[in-house]
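Structure record follows, encoded as structure tokens.
The values are calculated or read from the model by the stated rules, or taken from the named source; none is laboratory data. What you see is a predicted model, and the numbers here were worked out from it, not measured in a lab. Every residue, glycine as well, gets a Cβ built from its backbone with ideal geometry; the counts of neighbours run over all protein chains shown. Accessible surface areas use protein heavy atoms only, side chains included; no ligands, DNA or RNA. Shrake-Rupley method; radii C 1.70, N 1.55, O 1.52, S 1.80 Å.
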Amino acid sequence: MNEQRTQPNTAYAICGFNDIPSQRAMGFHLMIVDEDGSHRPWLIVVVRWGKRVFGYLNKCPHNGVKLDWERNQFFDPRGIRLMCSKHGSTFELSTGRCVDGPCKGSRLTPVALTVLDGDICVTGVRLVEEEDPSGES
């Protein structure tokens, strides 16, 4: 068995469910492993709304800039939609669909999330895992 392959159902815990207050969003700078084994930065935003979580790439479909204008500042002034820092496009939380701005009608790229044992986990990708500082696997 090739140890470099990850099963499609692998879940990577990125934070505790309660680490993100309800009606808030948090950005994460992760490293993804591409099919060729190379690593690249993977910036995502996770939104918690009550008991639900939504995840998207932290990248506006209009011109590829990050959504947050300051660290973890993702919402429009009313606090009900994600908003692009550059041109003010706004996106529905549950679908990622742009409802206003230059990219109206397009969508944010979704990130598969699940909640397991009180942790928010990313699924469907292979992440670079931090090595144990003690040197043990």
Residue pairs qualifying under the 8 Å Cβ cut-off, at least six apart or on distinct chains, with the first in region 94-123 being on the phi > 0 side of the Ramachandran plot and the second being open to solvent by 40 Å² or more (accessible area, probe 1.4 Å), are GLY96/ARG107; GLY96/THR109; GLY96/PRO110; GLY101/HIS62; GLY101/HIS87; GLY105/ARG97; GLY118/ASN18
Name every residue in region 23-64 that is farther than 19 Å from VAL128 by Cβ and without any contact (Cβ under 8 Å) to a residue 12 or more places away in the chain, in order of residue number.
-> LYS51, GLY64
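Kindly indicate whether any position in region 112-123 is under 19 Å from ASN9 (Cα atoms), hydroxyl-bearing (Ser, Thr, Tyr), open to solvent by 40 Å² or more (accessible area, probe 1.4 Å) and within 16 Å of the chain's Cα centre (by Cα).
We begin by selecting, within region 112-123, every residue under 19 Å from ASN9 (Cα atoms); these are 112-123.
Imposing the further condition that a residue be hydroxyl-bearing (Ser, Thr, Tyr) reduces the set to 114, 123.
Applying the additional criterion that residues be open to solvent by 40 Å² or more (accessible area, probe 1.4 Å) yields 114.
Narrowing further to those that are within 16 Å of the chain's Cα centre (by Cα): 114.
Yes, there is a match, as at least one residue in region 112-123 is under 19 Å from ASN9 (Cα atoms), hydroxyl-bearing (Ser, Thr, Tyr), open to solvent by 40 Å² or more (accessible area, probe 1.4 Å) and within 16 Å of the chain's Cα centre (by Cα).
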May I ask you to list pairs of residues, at least six apart or on different chains, whose Cβ atoms are under 7 Å apart, with the first in region 69-90 being without any contact (Cβ under 8 Å) to a residue 40 or more places away in the chain and the second being open to solvent by 20 Å² or more (accessible area, probe 1.4 Å) and hydroxyl-bearing (Ser, Thr, Tyr)?
-> TRP69/SER85
Looking at SER89, SER94, SER22, SER38, which one is small (Gly, Ala, Ser) and surrounded by 13 or more Cβ atoms within 10 Å (Cβ to Cβ)?
-> SER89
